[in-house]
There are 2 protein chains.
Amino acid sequence: MIKTDERRERIETVLKQKQPSLTVVLENIHDPHNVSAILRTCDAVGVMEVHLVYTFESFPEISKASSVSASKWMSIVKHKSFEDCSSYLKSKNFLIAASHLDIYSKTHDEIDFTENVALVFGNEQRGITEEYLRFCDFSFRIPMHGMIQSLNVSVAAAVCLFEAEKQFRISGRYDSIQLDKDVFDNKLKNWLLK
Amino acid sequence: MIKTDERRERIETVLKQKQPSLTVVLENIHDPHNVSAILRTCDAVGVMEVHLVYTFESFPEISKASSVSASKWMSIVKHKSFEDCSSYLKSKNFLIAASHLDIYSKTHDEIDFTENVALVFGNEQRGITEEYLRFCDFSFRIPMHGMIQSLNVSVAAAVCLFEAEKQFRISGRYDSIQLDKDVFDNKLKNWLLK
């Protein structure tokens, strides 16, 4: 009985810190370990929902890939195309931000996370598919100072997600409930059954 | 000939951004993929030297573990014991900061990277070995808001290293050479031969 109360308290504490204004899109990321590591980071910063667009890679078998399954506590939405995904996000007033280097890219810490932002990360080798960039509102890059020109994708996602975490933390967003009451109650009911 | 000039220019650009005041200690990290990902992040933010303390795990076979070998551009120093490692770092006036959760832990973004700081990351399962904590000057933690209580170690390292990167970038440290002239010249000579 005490254990049940503790569990409920833990779940409530986590739901109170959820940040529905931040989401992540994974586009054809190949390695399930990378997907799992990103989901774990999403859980840590309060992301509610992660979107998967797998148009040339197989959908990752997430549950088998990690002993610490963050996917249990994450809404994972699969889309048939990037266009479907971007339509969905735009209908919810998200800005779509592509992790992609071009002359217009802002740095990850210039992103204003007071807005609804969807961070898109592409395949390990190819990055975000070129033709999908037109569905994105802007691109961003992580500043690099070394000989190797790229980061592991789960590392890149973590650096961006924890920049959002810092902005949320400083502005007090973790100290007041961001979820609508009906969403909160629904999630609570749902998570208590897991 | 042009290629050689470009290569020299690239190496000089990277050496001009090196940050010798920041180093990393990896203590018994098991998975070579994690070690490789951390080395790649170290390269990206300008770390010069990484220390390995492997007292119960085997030394990682770094060169085989990554197709993008950041280890080529990193000084890797192996130590027989944590005490040896901490003596070495203290002789160079480094503060030793343990990634470890206790009631005294500061958050990673409360670390003042204007000082010489060595960030220590421990084994994936066990964290930093308890008895090594007495050699550390302080502990730090990454704020967590989710159901899962830990991050992948390469993700945790990246979040801290890019906090340092941000502090260096904002204070202009990447815009002026931080290496002593003899170290710079020596590294340049050495790297041109790679």
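The values are calculated or read from the model by the stated rules, or taken from the named source; none is laboratory data. What you are looking at is a predicted structure, and each value in this text was computed from that prediction instead of being measured. Because the Cβ atoms are built from the backbone with ideal geometry, glycine has one as well, and the counts that use them run over all protein chains shown.
Quick one: in the range A:128-155, of everything that is in a helix (DSSP H, G or I) and facing another protein chain (nearest Cβ under 8 Å), which residue is farthest from the chain's Cα centre (by Cα)?
For the range A:128-155, the residue satisfying everything is A:155.
Determine whether the range A:172-189 contains at least one residue that is at pLDDT 95 or above, in a loop (DSSP other than H, G, I, E, B) and aromatic (Phe, Trp, Tyr).
Checking the range A:172-189: not a single residue is at pLDDT 95 or above, in a loop (DSSP other than H, G, I, E, B) and aromatic (Phe, Trp, Tyr).
Criterion first (assigned to a loop (DSSP other than H, G, I, E, B), surrounded by 13 or more Cβ atoms within 10 Å (Cβ to Cβ) and among the aliphatic types (A, V, I, L, M)) does residue A:29 satisfy it?
yes
Could you check, for the range B:13-20, whether at least one of its residues is out of contact with any Ser or Thr (no Cβ under 7 Å at 6 or more places or on another chain), more than 10 Å from chain A (Cβ to nearest Cβ) and assigned to a helix (DSSP H, G or I)?
no
Give the range B:15-67 a look and list any residue that's touching a Cys at 6+ places or on another chain (Cβ under 8 Å) and not hydrophobic (A, V, I, L, M, F, W, C), or say none.
Hit for the range B:15-67 is B:51, nothing else.
List, please: which pairs have Cβ atoms under 9 Å, are six or more places apart or on different chains, and start with a residue in the range A:48-61 that is at positive phi and end with one that is crowded, with 17+ Cβ neighbours inside 10 Å and not in a loop (DSSP other than H, G, I, E, B)?
Close Cβ pairs (under 9 Å, with a partner that is crowded, with 17+ Cβ neighbours inside 10 Å and not in a loop (DSSP other than H, G, I, E, B)) do not exist here.
Please go through the range B:136-160 and give me each residue that is touching a residue at least 60 places away in the same chain (Cβ under 8 Å) and closer than 18 Å to residue A:34 by Cβ, ordered by number.
Scanning the range B:136-160 gives B:152, B:153, B:154, B:157, B:158.
Go through the range B:73-120 and give me each residue that's farther than 30 Å from residue B:144 by Cα and not in a loop (DSSP other than H, G, I, E, B).
B:73, B:75, B:76, B:77, B:78, B:79, B:83, B:84, B:87, B:88, B:90, B:91
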